[in-house]
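The values are calculated or read from the model by the stated rules, or taken from the named source; none is laboratory data. Remember, it's a predicted structure, so these values are computed and weren't measured experimentally. Cβ placement follows ideal geometry from the backbone for every residue including glycine, while neighbour counts extend to all protein chains displayed. Heads up: the accessible areas ignore ligands, DNA and RNA and are worked out on the full protein's heavy atoms, side chains in. Shrake-Rupley method; radii C 1.70, N 1.55, O 1.52, S 1.80 Å.
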Amino acid sequence: MPVIDHRTLPEMTMRQGIRGQFLAHKDLGATGVSLLTNTVEPGAAAPLHLHTVEETMLVLEGTVWVQVGAERFTLGPHHTVIIPPETPHAWGNAGEGVAKLLWAFAGPDPFRDTTYLEGTPPQTST
C-alpha cells in the first residue's frame, strides 16, 4: 500500500493563476482514482471541457463559480459538485481571495481523455 507524504510532492502551475498538486495519480501508484488540489487566484478559470470519467470538486476555501452542462452555480466552502462523465463543465474563482479546491477523479489520469471545447489543456507536469 503506497503512503504518500503530500509535503514531498511538487506543485505545478497548471494555467495562469491556477496551481495544482496531485495527491493520488497513476504516477504515484494509483490505478482507479486520482486526487488533485488547486490553489486558484481571483479571476483565474478553467475553460469549458469534459472528461470521460466522473469527477467531484470540493470547495475548501474561497468562492468559485461552476458551470455543469447548462447550469451555473456560485459556491463556497462545504460544497461538493459531482460532474458526470462526458458532461461539459467550466469553473473559476468568483471571489476576491484565493480559492482552494480538492478534485477526485474516477481514473488514475484525469487529463488523458479530456476534450477541451474552449481554450487549451492545462499544464500537468512539473
Log entry: pair-distance distribution for the chain, C-alpha pairs binned every 5 Å from zero, whole % per bin is 2, 11, 21, 26, 23, 12, 4, 1, 0
Note: Thr56 to Lys100 extended length (0.36 nm per residue) minus current alpha-carbon separation gives 14.5 nm
Taking a crude spin-label model, label points 7 Å out from Cα along the C-beta direction, the Ala70 to Tyr116 distance in nm is 2.7
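Average the reciprocal distances over every distinct pair of alpha-carbons in region 52-126, invert the result, and give the Kirkwood radius in Å.
13.1
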In nm, the gap between the two label points placed 7 Å beyond Cα toward Cβ at His6 and Gln123 is 2.3
So, relative contact order of the chain in percent, Cα under 8 Å, 6 or more apart, is 33
Residue by residue through region 104-118, the couplings from Karplus 6.51 cos²θ - 1.76 cosθ + 1.60 with θ = phi - 60°, in Hz, x for Gly and Pro, are 10, 10, 7, x, x, 8, x, 9, 4, 10, 8, 10, 9, 8, 9
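For Thr115, Thr8, give the ranking by accessible area with the largest first, probe 1.4 Å.
On the way: Thr115 65, Thr8 100 Å².
Largest accessible area first, the residues go Thr8, Thr115.
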The Rg/Rh figure for region 33-72, Cα atoms and Kirkwood Rh, to two decimals is 0.93
Computed ³J(HN,Hα) along region 58-63: with the Karplus parameters 6.51/-1.76/1.60, θ = phi - 60°, integer Hz and x for glycine or proline, the list is 10, 7, 8, 8, x, 10
Sorted by accessible surface (1.4 Å probe, heavy atoms of the protein chains only), largest first, Ile4, Ile18 come out as Ile4, Ile18
Of every hundred units of 1.4 Å-probe accessible area on region 30-126, the number belonging to carbon and sulfur atoms, as a percent, is 54
Given unit charges at Cβ for Lys, Arg (+) and Asp, Glu (-), the dipole magnitude of the chain about its Cα centre in debye, nearest 20, is 160
Given a 1.4 Å probe, the accessible area of region 1-103 per residue, as a whole number of Å², is 52
Net charge (Lys, Arg +1; Asp, Glu -1) of residues whose beta-carbon lies under 14 Å from that of Gly29, Gly29 excluded, is -2
